[in-house]
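Report on the structure given below.
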Amino acid sequence: MSSAQTEGDGIRRLLVAHVDAAGVTRGRVIPAARIESVLENGVAASISGAALFTPGDAPVSALGLDPVIGDLRIRPDARRVADLGDGWAWTPGDLRWADDRPFSGCTRSALRRASTAAEIDVKIGFEIEFVVAGEASGSLAPAHKGPGYGQRPLVRNIDYLDDLITALEDADVPVLQVHAEHGDGQFEVSLAPRHPVDACDDLVLARAVIDLVTERYGLRAYFDPVPPIGADSNGMHVHLSASRDGRNVFSPTDDGMPQPEGAAIIAGILDLLPAATALLAGSEQSYKRLRPGRWSGAWNCWGRGNREAAVRYTPMTTDAGPAGANIEIKPGDATANPYLAVAALLVGLRAGLDRPTDPPAPVDVDPGRLSDDERSARGLRTLPTSLGDALAELSASGRLREGLGDDLVDLYLAVRTPAG
Ligand code: GLU
Ligand code: MG
């Protein structure tokens, strides 16, 4: 939608959003008279509020920058203006310096670079899990009591879900399906695979739409890795597909393994995952979710269809058969910055393609059911089990520092390291 179209479409308010390294989506609203200018030139933002806040909104110094001094410019992507209804529109923005020089702490730009550097056609599709709950008799009550994956939670919330899907469709979010997840009050919205930057934009937009519609029902959506009520955990699973000259590199060969390039990508991602965990699971709470037995992918292994493996290989999809084969990376949650999380996976993908090795043998059992001896014989380990350990692995990762840039890694460490 161009600015001319926004006028023609009666857009009165433009919400300009960006996700900071703390994983928080920040935003501002532009009134009608300024929309055209902001789409063209961007909008000013304080350096602290745009880039130097912790997840709890405390300003920190990083990259030699004083959070009290200086401004950035948020440059909206006019290509991605989405309709939120009632004259409101939404657009994602890149962070730049006030004088329009690139800002090394912009996570959306980092993902764009990582996508180009991947040199293979990658598509990303997110699964968004969230719990819907509302106040009832002074306490919080989930919007449904299951059954998990059931028809009943859908039918009992039919008006809400209908409005939600309509609002997502109006915003051009490519929804594949919505289902009631395992936990009380929990739903999942799955999004179609798209170019990595578009997929992350879709995710951030979808969360805004989910918030908008849910609040209209007097309810609240909780995306937290461990929500305050209902389900045990909410994930942000990432489906990754890759094709070379139109051929899916994850399509299974006769022995059920992916093509050589697909196998090399799996090896590269698995090798990098311990260091990338901090970027996928960015909060202390994340490590209460990222535990065996929660289908959150706490085991650093891969397996065909295996929901306990960090990397779940799906050799075919219902729509496309083997041509739809992909991998699902499960450890991520909504406290991540999605642009950085996907950029880290692409750094692993690139490393795998640069130095192709076979991945370890796929694990086709639940590692939690094996004995310690069996696990050590197979070399099965969990991903980091605390934010502190995960940040230490990230800090020491030359590969992520090279792939994402030292500045972004240092900014991430500064805003994510708990004070004290
Ligand atoms: N809710 C689980 C998680 O936190 C995932 C369940 C599923 O496999 O969909 O990741
Ligand atoms: Mg799910």
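The values are calculated or read from the model by the stated rules, or taken from the named source; none is laboratory data. Note that the structure is predicted; figures quoted are calculated from it, not measured. Note that each Cβ is placed from the backbone with ideal geometry, even for glycine, and that neighbours are counted across all protein chains shown. Just so you know, the surface numbers come from the protein's heavy atoms only, side chains and all, with ligands and any DNA or RNA stripped out. Shrake-Rupley method; radii C 1.70, N 1.55, O 1.52, S 1.80 Å.
Annotations
- Where labels lie 7 Å past Cα in the beta-carbon direction, separation of L176 and E119 in nm: 2.9
- Near-label residues of the range 85-103 by backbone N, under 20 Å of a point 7 Å along Cα→Cβ of T166: 85-90
- When the surface is traced with a 1.4 Å probe over the full set of protein chains, C200 keeps roughly 0 Å² accessible.
- Convex hull per residue volume in Å³, alpha carbons only, for the chain: 158
- Each semi-axis of the equivalent ellipsoid for the range 77-177 is √(5λ) with λ an eigenvalue of the Cα gyration tensor; in descending order they amount to 36, 18, 16 Å.
- Close amide H pairs (under 5 Å, H built 1.01 Å from N) link L15 with I30, A89, W90, T91, residues at least 5 positions away or on another chain.
- Taking GluC sites (Glu not before Pro) across the range 278-377, the ones in a DSSP loop with at most 15 further Cβ atoms lying within 10 angstrom of their Cβ are E284.
- The length gained on full extension between I158 and D77, counted as 0.36 nm times the residue separation minus their Cα-Cα distance, comes to 25.8 nm.
- Between R247 and D86, full extension at 0.36 nm per residue minus the direct alpha carbon distance yields a gain of 53.7 nm.
- Surface per residue (accessible, 1.4 Å probe) for the chain, Å²: 42
- Legend: calculated FRET efficiency, D57 to A323, from the Cβ-Cβ distance at R0 = 35 Å, rounded to 0.05, equals 0.15.
- Carbon + sulfur, % of accessible area of the range 114-416 - ligands and nucleic acids excluded, 1.4 Å: 47
- The accessible area of S233, taken with all protein chains in place and a 1.4 Å probe, comes to roughly 20 Å².
- Each residue of the range 246-263 is assigned a 3J(HN,Hα), and the resulting list reads x, 9, 5, 6, 9, 4, x, 8, 4, 8, x, 8, x, 4, x, 5, x, 4 Hz, derived from the Karplus form 6.51 cos²θ - 1.76 cosθ + 1.60 (θ = phi - 60°), x at Gly and Pro.
- Linear extension gain, R194 paired with L140, 0.36 nm per residue minus alpha-carbon span: 15.8 nm
- Note that the range 1-138 carries a Kirkwood radius of 16.7 Å, evaluated over its alpha carbons pair by pair.
- Over the chain: helical MRE at 222 nm, DSSP H runs n ≥ 4 each giving -39500 (n - 2.57), nearest 500: -10500 deg cm²/dmol
- Here D255 and A33 are evaluated by their C-beta separation; at R0 = 60 Å the FRET efficiency comes out at 0.40.
- Carbon/sulfur fraction of accessible area - the range 3-103, other protein chains in place, 1.4 Å, %: 51
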